[in-house]
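One structure is given here, and the rest of the page talks about it.
Values in this text are rule-based calculations from the coordinates and carry no lab data. Just so it is clear, the structure is predicted and the values come from calculations on it, not from any experiment. Positions of Cβ are generated from backbone atoms using ideal geometry, with glycine treated the same way; all protein chains shown enter the neighbour counts.
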Amino acid sequence: MPAGPPEARVRTGIDVPLRFPDGYATVARMFTFTGLVDGREHLALSLGVPPAVPLVRPHSECVTGDVFGSQRCDCGAQLREAVERIAEAGGYLLYLRQEGRGIGLYEKVDAYALQDGGLDTYEANLALGHAADERDYTVAAQMLHALGARTVALLSNNPDKAAQLSRLGVAVGEQLPTGVHLSPANADYLATKAHRGGHRLAGLRPNGAHPRPPVDRW
């Protein structure tokens with residue numbers, strides 16, 4: 001296995017009752033850390049009883065989707081789905097502070113303005129002088145190592161997450177897809193993720209055409 005990232009340690013762990021707008025509720029054990037390489041305040045939520053190979057979702061912060069329910073993306077729906085699935089299977093939700101694929105909240109809003117002018121999500125980031133996707137999962141690997149999770153089942157449609165974690169010493173024994181949370185407002189966004197980002201989204205065509213409506217349990 002590749003060498004792991006720099007060591008991080010659990011700083012604090014507390015129980016936090018969670019409740020979502022649709023009424024779903026559960027309890028998570030929330031962990032903070034010391035030694036994370038980027039110095040940001042990332043969180044890990046332990047849900048259910050984590051088995052030897054826990055179900056893990058690295059979820060990038062999305063204030064617009066996670067907090068305000070924006071339909072321009074599928075982030076809020078993916079967060080809601082992940083919490084329930086991980087609580088059932090046992091594992092960890094890693095809440096990573098890398099808004100807008102790593103460019104920050106204000107720059108993401110600027111990117112939205114460019115998208116309204118015709119650019120896709122990747123083109124807008126590039127037009128602002130950023131990489132198409134600046135996310136780095138070193139801190140995710142650090143958190144998993146600190147929690148004793150060296151082999152995981154990864155809940156993600158994004159092959160880059162699996163590739164980065166594998167390079168950072170976290171074995172991905174299985175990669176499980178999330179649902180496809182399609183709405184009229186995010187159809188282009190999802191098609192672009194499949195076409196440009198290689199995300200494995202059932203029903204989305206590789207040529208970037210609009211997807212057919214999926215069956216969405218969440």
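Computed across the stretch 1-143, the Kirkwood radius stands at 16.4 Å (inverse of mean 1/r, all Cα pairs).
What percent does the relative contact order of the stretch 68-141 come to when contacts are Cα pairs within less than 8 Å and at least six residues apart?
About 23 percent, as a whole number.
For the stretch 1-154, averaging the sequence separation of C-alpha pairs within contact (under 8 Å, six or more residues apart) and dividing by the residue count gives a relative contact order of 27 percent. The order of Phe33, Phe68, going from fewest to most other C-beta atoms within 10 Å of their C-beta, is Phe68, Phe33.
Packing around the peptides 136-144, 154-162, 171-179, taken as the average count of other Cβ atoms within 10 Å per residue, puts them in this order, highest first: 136-144, 154-162, 171-179.
Of all DSSP beta bridges in the stretch 1-104, what percent run antiparallel (nearest 5)? Working shown, then result.
Working: 19 of 25 bridges.
Around 75 percent of the beta bridges assigned by DSSP in the stretch 1-104 are antiparallel ones.
Taking a ≥ b ≥ c as the square roots of the eigenvalues of the alpha carbon gyration tensor, the stretch 12-85 is oblate, as a/c is not under 1.5 and a/b does not beat b/c. Here the peptides 71-79, 46-54, 18-26, 120-128 are ranked by packing, the mean other Cβ count within 10 Å, and the order with the highest first is 71-79, 120-128, 46-54, 18-26.
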